[in-house]
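Here the structure comes first, spelled out in structure tokens, and everything after it is commentary.
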Amino acid sequence: MATQKYNRSEIMKSAHKLYKECKKYGRTFGSCLKQAWASEKAMVRLAEQRAAFQKEIEVRRVASNIVLTHVGMESLYANRVYSGD
């Protein structure tokens, strides 16, 4: 059996919290549940995008293997003359 993508318990807790705060404004539990699901789906999608981005950054870092020869602004102004560019 595959692992669950969504934490249903947290979704229900979030929906109950929303309902408790918003029922005085006429919101139904169903609309709060719908919002909680949308929020959770967005969070999962964001986490997947972040993981893909981190993987891409790691691949680029390993592939580029750039070695910096200077360590900050001090080396660009060695002997009081700008040596950058």
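Bear in mind that the values in this text are calculations on the coordinates, not laboratory data. The shown structure was predicted, so the numbers you read here are calculated from the model rather than taken from an experiment. A quick note on method: Cβ atoms are made from the backbone with ideal geometry, for glycine too, and the neighbour counts reach across all protein chains shown.
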A correct Karplus calculation of ³J(HN,Hα) over region 51-61, with 6.51 cos²θ - 1.76 cosθ + 1.60, θ = phi - 60°, whole Hz and x for Gly and Pro, returns 5, 5, 5, 4, 5, 5, 4, 4, 5, 5, 5
So how far apart, in nm, are the two label points at GLU48 and VAL62 if each is 7 Å from Cα heading toward Cβ? 2.3 nm
How many Å³ per residue does the convex hull of the Cα positions in region 1-55 occupy? 82 Å³
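Gain in length, LYS5 to SER39, computed as 0.36 nm per residue apart minus the alpha-carbon separation, to one decimal in nm?
On the way: separation 34, 0.36 × 34 = 12.24 nm, distance 1.34 nm.
Extra length available between LYS5 and SER39 comes to 10.9 nm.
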